[in-house]
Amino acid sequence: MDTSNLAARREVILHAATARGFLDAEDIPLAAFIDIDAVASNIGALEAAFPSNISVLHAFASKANSIVPVLAGLRELGMGCEVASEGELAQALAAGFDPEKIVFDSPAKTRRELRQALELGVALNIDNFQELDRIEQIVAQVPSSSPLGIRINPQIGVGQIVAMSTAGSSSKFGVPMEDEGNREAILARYAANPGLNRVHTHVGSQGCPLPLIGAGIAKVVELADEINVRAGRKQVTTIDIGGGLPVDFETDNPLSNFKAYVAQLQESAPRLFSGDYAVVTEFGRSILAKFGFTASYVEYTKVSGGQHIAITHAGANVATRTVFMPNEWPLRVTAHSPDGKEKTGGLVGQDIAGPCCFAGDVVARDRAMPILEQGDIVALLDTGTYYASTPFTYNSIQEPPVYGATFDDRGEVTFTVLREQQTMANLLDASGSQLMTSGHRGSWARVKPGCK
Ligand SMILES: *Cc1c(COP(=O)(O)O)cnc(C)c1O
């Protein structure tokens, strides 16, 4: 089945999932799906977009979807992995990534994280000069094969979502290259440390227009050229250009913008493609977002003050950003009958609400859709990254299962389990329940109520 017809594939996936009990009104009212064939063709498009004369490692930004079997699948499709915490590093290693294919970002790396990454030989993008000091101290004692780069904030301005923009003049990330004295300081650190062989930038995520991303990357390519001229050799061998390619949340067009992105870089930063540098990318959202959706049964419907409301299981627990920042992160929602078919009929403005106990737990307000009834299904589209893979534990709602779907030549779906529905035992563990039996819980009974 054609991987470009995402709407038709969703219907088939939902039909198969309800028929085979992967989505179940009683036991599994909420689940997320990833269309693996569509992901594979998207990664093919990513690889094809870059010219073949340069070596490129496409490192998936694991915060976008850190489910270990998803990371393992992306590894099998040829990707590397970008991590930004000890937990994400552990997930990348569990997914089988070779340390040479892992890139470690994070503005808050602890000494322990740095030592671990340096021992493994994982590439480090160094956020600031204090972190570089620490790394130099560690490497002086235990030599490391880790590629090292400084994260540069090119300070070229913010995109449409300020919270997602990292290249404003006072962003918390990287070394701001235009601040008084910083350019010289950066050049001096490279001159003093021959182990610094990369430069890194990441202009922002979603909402950064291509010319802005291009301008930021152009500045670090120019910096790399200058470092190498001063060194009189190819000290910087690799440029990590980050991720942040915006995703279309408005249509079912399955094509990511990789071609336009590369064309923009060819215009803004042609030296990137000179063959003098290897390239690392760190795309997250543009790899997976459009090929995942989150499905929930409609548990109840009501009319309140004249407003139609459908109560579902998909709220802030799986669509945290959309619920808390509805204007920045609107989602498309489709209405389906219990058999998975997309509903047709007159459009009625409806609130699509979640299960959480606060009034703002609404993923779409007064959205014009065919009228929803008990037992119908809603699908939140383009949620393959930063949604069900990053659950919010408010109200202790079980984390939903995540399934991968593949299609055979006859259009039949096969499901694989990428993450099981969270068990009650796991949920209780995560909230400290084991301390009730291990004896470590100090009793509060001897503490008298009242002031001391
Ligand atoms: C979040 C992040 C990315 C990925 O951003 P996307 O918008 O998901 O492509 C890449 N690099 C760094 C350093 C990040 O923080």
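The values are calculated or read from the model by the stated rules, or taken from the named source; none is laboratory data. Here the structure is a predicted model, which means the values were calculated and not measured. Every residue, glycine among them, receives a Cβ derived from its backbone with ideal geometry; neighbour counts consider all protein chains shown. Heavy atoms of the whole protein, side chains included, go into the accessibility calculation; ligands, DNA and RNA do not. Shrake-Rupley method; radii C 1.70, N 1.55, O 1.52, S 1.80 Å.
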Inset, instruction - Please enumerate the residues belonging to the range 2-27 that are touching a helix residue (DSSP H, G or I) at 6+ places or on another chain (Cβ under 9 Å) and under 22 Å from Ala335 (Cβ atoms). - result: Leu6, Arg9, Phe22, Leu23, Asp24, Ala25
Inset, instruction - Can you confirm whether the range 296-316 contains a residue that is within 16 Å of the ligand (Cβ to nearest atom), aromatic (Phe, Trp, Tyr) and either open to solvent by less than 10 Å² (accessible area, probe 1.4 Å) or in contact with a strand residue (DSSP E or B) (Cβ under 7 Å, 6 or more places away or on another chain) (or both)? - result: no
Inset, instruction - From (1) at pLDDT 95 or above; (2) within 20 Å of Trp329 (Cβ to Cβ); (3) among the aliphatic types (A, V, I, L, M), pick out the condition that doesn't hold for Leu187. - result: (2)
Legend entry - Residue check, Ala364 touching a residue at least 60 places away in the same chain (Cβ under 8 Å) and among the aliphatic types (A, V, I, L, M): no
Legend entry - Qualifying positions in the range 342-359 - surrounded by fewer than 13 Cβ atoms within 10 Å (Cβ to Cβ) and in a loop (DSSP other than H, G, I, E, B): Thr344, Gly345, Gly346, Cys357, Phe358, Ala359
Inset, instruction - Being at pLDDT 95 or above, in contact with a helix residue (DSSP H, G or I) (Cβ under 6 Å, 6 or more places away or on another chain) and open to solvent by 10 Å² or more (accessible area, probe 1.4 Å) narrows it down to one of Gln91, Gln141, Gln116, Gln137, so name that one. - result: Gln91
Inset, instruction - Output yes when any residue across the range 309-330 is acidic (Asp, Glu) and either in contact (Cβ under 8 Å) with a residue 60 or more places away in the chain or not assigned by TED's automatic domain parsing to the domain that holds Arg151 (or both), and no when none is. - result: yes
Inset, instruction - Specify which of the listed residues (Phe293, Phe273) is more than 16 Å from the ligand (Cβ to nearest atom) and touching a Lys or Arg at 6+ places or on another chain (Cβ under 7 Å). - result: Phe293
Inset, instruction - Return a yes/no flag: does the range 216-227 have any residue that is within 16 Å of the ligand (Cβ to nearest atom) and under 30 Å from Asp382 (Cα atoms). - result: yes
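For (1) open to solvent by less than 40 Å² (accessible area, probe 1.4 Å); (2) within 17 Å of Ser296 (Cα to Cα); (3) at pLDDT below 90; (4) among the acidic types (Asp, Glu), each residue gets a yes or a no:
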{"site": "Gly384", "(1), (2), (3), (4)": "yes, yes, no, no"}
{"site": "Ala388", "(1), (2), (3), (4)": "yes, yes, no, no"}
{"site": "Phe407", "(1), (2), (3), (4)": "yes, no, no, no"}
{"site": "Arg419", "(1), (2), (3), (4)": "no, yes, no, no"}
{"site": "Asn426", "(1), (2), (3), (4)": "no, no, no, no"}
{"site": "Ser438", "(1), (2), (3), (4)": "no, no, yes, no"}
{"site": "Cys451", "(1), (2), (3), (4)": "no, no, yes, no"}
Inset, instruction - Look at the range 388-411 and say how many of its residues are within 27 Å of Ser41 (Cβ to Cβ), touching a helix residue (DSSP H, G or I) at 6+ places or on another chain (Cβ under 8 Å) and assigned to a loop (DSSP other than H, G, I, E, B). - result: 3
Legend entry - Pair list, Cβ < 8 Å and 6+ apart or interchain, from the range 1-21 residues that are of a type outside the set (A, V, I, L, M, F, W, C) and modelled with pLDDT of 95 or more to residues that are part of a helix (DSSP H, G or I) and surrounded by 14 or more Cβ atoms within 10 Å (Cβ to Cβ): Arg9/Ala38
